[in-house]
Each structure stands twice: as C-alpha cells, then as structure tokens.
1. Please specify each residue of region 334-353 satisfying the condition of being over 15 Å from A298 (Cβ atoms) and within 14 Å of the ligand (Cβ to nearest atom).
2. Whether any residue in region 308-318 is of a type in the set (S, T, N, Q) and within 12 Å of the ligand (Cβ to nearest atom) is what I want to check.
3. So, in region 41-85, how many residues would count as being aliphatic (A, V, I, L, M), touching a helix residue (DSSP H, G or I) at 6+ places or on another chain (Cβ under 9 Å) and over 24 Å from V116 (Cβ atoms)?
4. What do you reckon, is T38 surrounded by 15 or more Cβ atoms within 10 Å (Cβ to Cβ), under 20 Å from V129 (Cβ atoms), under 15 Å from the mean Cα position of the chain (by Cα) and in contact (Cβ under 8 Å) with a residue 12 or more places away in the chain?
5. For G244, all conditions in the list (1) without any contact (Cβ under 8 Å) to a residue 12 or more places away in the chain; (2) under 22 Å from T35 (Cβ atoms); (3) not aliphatic (A, V, I, L, M) hold save one; what is the number of the exception?
6. Is it true that some residue in region 165-174 is more than 23 Å from E205 (Cα to Cα) and either in contact with a strand residue (DSSP E or B) (Cβ under 8 Å, 6 or more places away or on another chain) or touching a residue at least 12 places away in the same chain (Cβ under 8 Å) (or both)?
7. Of the numbered conditions (1) more than 20 Å from A41 (Cβ to Cβ); (2) within 12 Å of the ligand (Cβ to nearest atom); (3) among the β-branched types (V, I, T), T356 fails exactly one; give the number of that condition.
8. How about region 246-281: which of its residues are of a type in the set (A, V, I, L, M, F, W, C), surrounded by 21 or more Cβ atoms within 10 Å (Cβ to Cβ) and not in a helix (DSSP H, G or I)?
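The values are calculated or read from the model by the stated rules, or taken from the named source; none is laboratory data. As the structure is a prediction and not an experimental result, all values here were calculated from the model. Positions of Cβ are generated from backbone atoms using ideal geometry, with glycine treated the same way; all protein chains shown enter the neighbour counts. Accessible surface is based on the protein model in full, side chains and every heavy atom, while ligands, DNA and RNA are left aside. Shrake-Rupley method; radii C 1.70, N 1.55, O 1.52, S 1.80 Å.
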Amino acid sequence: MFRITHKDKNTNARVGLLETPHGVVETPEFMPVGTQATVKALSSEELKYCNAQIILGNTYHLYLRPGMEIIRNAGGLHKFMSWNRAILTDSGGFQIFSLTALMKVKEEGVEFNSHVDGSRHFLTPEIVVKLQHELGSDIMMPLDECLHYPSTKDKAEQSLGLTNRWAKRSKEEFARVVLDSPPEELLAGRSNNILRASERSERVEKLLFGIVQGSTYPDLRKRAAEELVSIGFDGYSIGGLSVGEPKELMFEMMESAIKYLPEDKPRYTMGVGMPHDFFNAIEMGVDMFDCVVPTRNARNGAAYTNEGRLIIRNGEYSKDLRPLSENCDCIVCKNYSRSYIRHLFNTEEILGLRLTSLHNVYFYVNLLDRIRKAIREDRFVELKKEFEGRIF
Ligand SMILES: [Zn+2]
C-alpha cells in the first residue's frame, strides 16, 4: 500500500505513493484540516483546485454533530461533503482529552460529557474503529490517551501502557469489522459473506495507523514505537507533539520515535505544520502532516508566502496593488490585490477570509509539491536553505 519511489541522497527525506480506497496520495503531503466535514471557508471544489489529495476529518466532532445517523443517511462522509478523494480521520482522542468535561478514563474506554450539549457518552477503542468505518474513512486512527505538556514520567508511562493496549484492541476490531466484512454491494446475491481470494487481493483496503505517544521521554517514545510495530499497523502517527513543548524537544521526540519505525511504512506527525517544521521533519523521514495553521491564521488575516508571513491588516498594504504572494499562481493572487483584501478584512467582509484561506491552502499544498520535486531531484537541502531565515 505504500511504496517509496525516491530517497534523497543527502538526508532521510523520501517521496512515496500511498494507496487508499479513494486514490493514491503522493507523499510527503500536507492534509488540510476539515474537522466538521469542512475545511473552514472552502468548498470541496476549491480544495481540489488547491490540489489537496487528502483531507482530515474528526471522529469526535462528527459523532456528536451531525451524528452518525445523518452521515449514514448521506452514504458516508465522502458523499455528505461531496469529496471523492481520500479522508483521514482522527480518532477523537485529542478532543476528548482537551474539550470535554467530567472525563473518566477506564481500561474499557473513556466516559465524558459532550462539549456541545453536556450529554454523557462512552467510547471504547472498538466503537471508535466502527465509527470511522461508518464514516468511510480511508485512513483511521486508534483511540489514544493524550496527555498535556508537561507530564510526569510516571503518568506518561501509565498512559502509554493504556494507549498501546487500546491500539491492540483497535487492530483486532479493524481486522474483524473492516477487513472481514466487505461492502454489501459486493456480496449481493451470494450465499456466504466471503470475498473470493482474487477480489480480496484486488481491493484497496482502508488503512489503520498506530499512534506513538510517550510524552517528552525518549525511552518511552522508543517503547511506544517498538510495541506498536510488534502489533503491526499500515502506518505510524507520532502523537502528543506541538502541545506546548519547545520546538527542539518536539523534534527530539520525533527522532526518538522514527528511529524505531519501519522504513517501508508511512509516518505522520499529527498537528505539526509550520513551513519550517515540514523541512525539519521531512529531513528525518516524515511523510504526512496536518495543521490548522493555514486556515485558522487565514481567518485572522495572515497569509503565507515564500518570503514569510504577511499580516494583511497592516497599514503598509493599504495601497499595495501586488498580490498576496508575488510568485503564487493561485486564482486569488492572479486576480486580487493586497489593498483590496486588506479592505475586506477592515470591513469584516467574509470574502476576505475566504480569499486568504484559499491562498494559504494552495500555498501549503503547493509547497509540499515543490518539496517532493526537490527530493526527486536530490535538491531538498537547497530548497530548505531557500526558506532559512523566513519568518512564519
Ligand atoms: Zn496565491
């Protein structure tokens, strides 16, 4: 399902192809975040225009609103939001541990009050796999316990044990519910529920990744990675990063995990996504990223460009007729000036944040495309140098 097509001669950067039921994703790739079945302010057509190959959805949010019945009625998340490319869903662990009230963690699962209406819910690793299967997710994440930064080593160790036991149960449930129960339309008219061997080998299966936790302790990161690899997943996420720890520590933890992950599986650093982070992580061999930065900051009037971050409300742009980014070929930069977009922000017109969101997602997705091209040509180090000193 994952094939590395080129390795950079000078670093651990690599270019690969990840096969999903909704198309092949070329890596390294940035995944725009569509928590509530929408990448904020952008339509699915606009995301395609930006060349996004895969987006992120969130199981916790979608399970609460609109709820599974409404998504089932629409025929799954892809149809519901009119997106026919790949979707990765986060298990919701992070949201349960950061947004909810009266949370109780047990061996069986986690009980919590919804942040929307206070209603009581109980989710287990098995339920979370089923929910993602029903959403129609192409790449699923197991339920994990997410710790705040900083955490004591005792707490981190205990939590890691639980997360990995949950990961094992998720894998078992995934094998039972996803791999052994083919879609009904394939089985129509058959006396048994079994796919022929040829059908099974031709089918592109959904994927389940493991999540490496372990807080800020290198030996726990090592243990987390080794245990997950012995269970065996289609790819490995590195979780619990970018939660307030210093950058150096974040990269140290990334490295401590990657060392113990198999070369031939995709690696995904969750929630990491400033332009400099891409270069530093890809250099270590990371393949997938997601981050709310390009869309969240766009709504506050920050545009990302090759020269760094541009704050559109600044007075200096009031008569600036240049595009947001001078060498960007997106429709925003082809048609609108900084002066006009600044005016839209100052008058609180919603078009302003739509235009900056569109440009930023285009810039991010395009940046990863440029990075892939540079790796293929063994120019990754040069491209990284071009961005040095830029302030994002
Ligand atoms: Zn642009």
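1. K334, N335, S337, Y340
2. Scanning region 308-318 turns up no residue that is of a type in the set (S, T, N, Q) and within 12 Å of the ligand (Cβ to nearest atom).
3. 2
4. Judged against the criteria, T38 is not a match.
5. Checking G244 against (1) without any contact (Cβ under 8 Å) to a residue 12 or more places away in the chain; (2) under 22 Å from T35 (Cβ atoms); (3) not aliphatic (A, V, I, L, M), the one that fails is (1).
6. Yes.
7. (1)
8. L261, M270, V272
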